[in-house]
Structure formats: structure tokens, C-alpha cells
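The values are calculated or read from the model by the stated rules, or taken from the named source; none is laboratory data. Here the structure is a predicted model, which is why all the values come from computation and not from measurement. Cβ: placed from backbone, ideal geometry, glycine included. Neighbour counts: every protein chain shown.
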């Protein structure tokens, strides 16, 4: 089964917890803290495997979870990092953040890899908090939570030449004649339901040709196979536009071409600007020559190769021309820089790391930094609680609550837990 579009959730591993421990040995006074740090949680990594051709392996993995790092131990023993989770994907996989619809990575090279979710760092043991003013801290941290993300993965096949056109114009027949591929060929529309790839060889040179699903009017808005076709044309160097010049189904070749061009231009400007060649197929039919003359009158600047795939005529010339174009055409990026998610942090114009709202008489604090601090604090250790309060005060939370109208004794909620706002 060919699967080229899936959505899944990834949860990287939490960091291991830090340890609160003190050196206790006979005849060793003032042993001091010796709690080790926790290990890092496992990252979730996507890695290209050239042998894969579909995303079907991910279709049934709705959630991928990483492992927690090992907890720290006494005697200054740090926990081990968790082993990363590596997920294999085929070449041409584009990974999006489903919440923002921005591109995280476009994986096109064999063995290329990318961390789609980072594991949490290990919590610090009490040894790490020791200072000259506080040589024996009695607290440590929980591990940092791993990153959570909902991803959308799209597979856009890697091919040098994409055969495009309306259904039943002969794309599959052409591919079967010039390569070793065996696509399904039949006398009804939409015989091709997923891209078929074939390697076309000329002596010691070769290129990859893709027979892409047939297109109909309205495809850019999802009609027929719609974007299922257009997505896979994005990576090609050349669009080989196959037209039934013999009008075997009573269609007008000029109108057929205009329909396809309109859909391509509506879908994506990068696709619309790709190098194009016209393949005038079914030239063995009576009406083909007259139709070709009319076509050339309307589009005199178009490069047209005449063939009859059924009779195996003109295919050598076609292959040689396509090879020439492929060798003289460089790969283009299919995404602009603004399509990618940016990790740049602008410190000079930093927004408040939290929000304050009031619901049913309870003040609610929300924000990534506050929630992370909350999850990493061990509230069963008194010094950890005091540190948590100091951190909040340092972030300006106390002042912000007062400005918002909070009074001493009011209830403040973080992550569903309620605290009392007091001195």
C-alpha cells in the first residue's frame, strides 16, 4: 500500500531526576552533598532510509514516545542518557509542525537525520546547587519534560522527470516502454492511483521518471486525486506534459493543456515555473496531425516531441531530449525560508514568559517557562519550594499578580495545582 501523508504525535523522553544525597562515612566530618544529576531523555529522530518507498510504517504509530533518562544517584553518580528513538522514513519526506503548518525539515538525502523532538535535560542533583554561601543544599530537581509535538509527514517522490496529464493520455504506457517499470495499464480513467517510478537508461547515463496520477479540472482544490498528484510533481526537474493529440476520447488537446496548466499555476508558483516539455502522444491516430498544427498555432514557443507509445515510435528521441534537459537543470528548493520554523530567539524584544488570567475567583498562571519550572520542582523538599518561590519572584510574577489585582490570600493555579498568594 502506498501511503504518502500521515499525522502522528511524538513525545521525547523526560530527563532523569536529580538526587538529593549527602556523603555519610565514619570519621569523615562535613561530608557535604553528593547527589548526582539525571541523564537526558531520548530524542526522537527521523532518519532517511533509501530502501523505504512509503510512509506506511508510520501510519499505525499514532504516538511515538521516548524513554526517560536514568535518575542520578548518591556518591556523585550521574544518570545515563536514554537511547535516542530513531524512526526511518523514505527519501523525500517533508515534516511539518501540525500546529503551525511550518516545515521542520525536508529530508531528501540518504541517511540524513533530524531531531523532531528534543529529550528533556536531566534534573540537577543537590551537589550542582552547592555554592560558597550555601554549601549543603537539601534539594534537587526533577528531570525536564521531553518536547511534545504533533507532526504531519508528507512524502513527495524523488524523480527527475514527472509525466503529467489528464487520465488515459498514455503516461503509464510511456513509462513501461522507456524503463523497466510495470505500471498498471487499462482502458479506464485513474488506472494510476499512486506514483510509479522507473529508471530510464541511455548507455552509462540514467534518470528517474515518475508516472503521476491523472489530473482533472479542479485538482488544485482537491478534485479527483487532486493534490495527491500535484504534491509528487514538486521535486521533479522537468514536467513532461503528455497530451492525447489524437483526441481519442473526443477531447480538445488545446483545452486539455490549458486545464492542466491552470491547475498547476493555482497550486504552486515553484511547480508552475519548472522546465516543461510537451509530449504529443497517439500520433498514429488520424486526427493527430491536424490537432498538432492547431496546437502549434496557439503555442508556437512550446517544445514538442511527437510519439506513439503504442507503436513505440519517437521514444528514443524523447528519452534523449529528456536526458539533455535533466543534465542541464539543477535542483531547486521547493520551500522558501519563510516556510521553515525558526529557532531564532530575539532577546532584545522578549515577550513576557507567562500570562495571568482569572477564572472563577482563581488566578491562573500559564507559560512554558513557568510550567517547566513547576514540573521540575520537588515540592516535598522545603528548600526546593523556597527556590521555586524565588524563581517566580525573579520572573516578576509576584509584581504582575499585584498589578492584575491579586490580593494576599487569593488562590493562584499552575498546571491544575492551587497555591495561596502570600508573603
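Yes or no, residue by residue, for (1) part of a strand (DSSP E or B); (2) at pLDDT 90 or above; (3) farther than 30 Å from residue 99 by Cβ:
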site: 1; (1), (2), (3): no, no, no
site: 8; (1), (2), (3): yes, yes, no
site: 13; (1), (2), (3): no, yes, no
site: 16; (1), (2), (3): no, yes, no
site: 20; (1), (2), (3): no, yes, yes
site: 30; (1), (2), (3): no, no, yes
site: 37; (1), (2), (3): no, yes, yes
site: 42; (1), (2), (3): no, yes, no
site: 45; (1), (2), (3): yes, yes, no
Legend entry - Only listed residue being touching a residue at least 12 places away in the same chain (Cβ under 8 Å) and under 34 Å from the mean Cα position of the chain (by Cα), chosen from 73, 53: 53
Inset, instruction - Mind telling me which of the residues 296, 358 ends up being modelled with pLDDT of 90 or more, surrounded by 12 or more Cβ atoms within 10 Å (Cβ to Cβ), outside the structural domain of residue 92 (by TED's automatic domain parsing) and assigned to a helix (DSSP H, G or I)? - result: 296
Inset, instruction - Report, by residue number, each residue of the range 48-89 that is in contact with a strand residue (DSSP E or B) (Cβ under 6 Å, 6 or more places away or on another chain), assigned to a loop (DSSP other than H, G, I, E, B) and at pLDDT 90 or above. - result: 49, 66, 84
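Going through the range 376-393 one residue at a time, which ones are under 37 Å from the mean Cα position of the chain (by Cα), assigned to a helix (DSSP H, G or I) and under 20 Å from residue 121 (Cβ atoms)?
Taking the range 376-393 as the starting set, the residues that turn out to be under 37 Å from the mean Cα position of the chain (by Cα) are 376-378, 388, 391-392.
Then keep just the ones that are assigned to a helix (DSSP H, G or I); that gives 376, 388, 391-392.
Once the filter is applied, which keeps residues that are under 37 Å from the mean Cα position of the chain (by Cα), assigned to a helix (DSSP H, G or I) and under 20 Å from residue 121 (Cβ atoms), the range 376-393 yields 376, 388, 391.
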Inset, instruction - Look at the range 207-236 and say how many of its residues are surrounded by fewer than 14 Cβ atoms within 10 Å (Cβ to Cβ) and at pLDDT 60 or above. - result: 0
Legend entry - Residue that is over 30 Å from residue 401 (Cα atoms), surrounded by 14 or more Cβ atoms within 10 Å (Cβ to Cβ), modelled with pLDDT under 95 and out of contact with any strand residue (DSSP E or B) (no Cβ under 8 Å at 6 or more places or on another chain), where the choices are 310, 322: 310
Inset, instruction - Please find, within the range 325-338, the residue that is farthest from the chain's Cα centre (by Cα) out of those that are part of a helix (DSSP H, G or I) and surrounded by 12 or more Cβ atoms within 10 Å (Cβ to Cβ). - result: 325
Inset, instruction - Could you list, in sequence order, all residues of the range 276-293 that are outside any helix (DSSP H, G or I) and farther than 23 Å from residue 177 by Cα? - result: 287
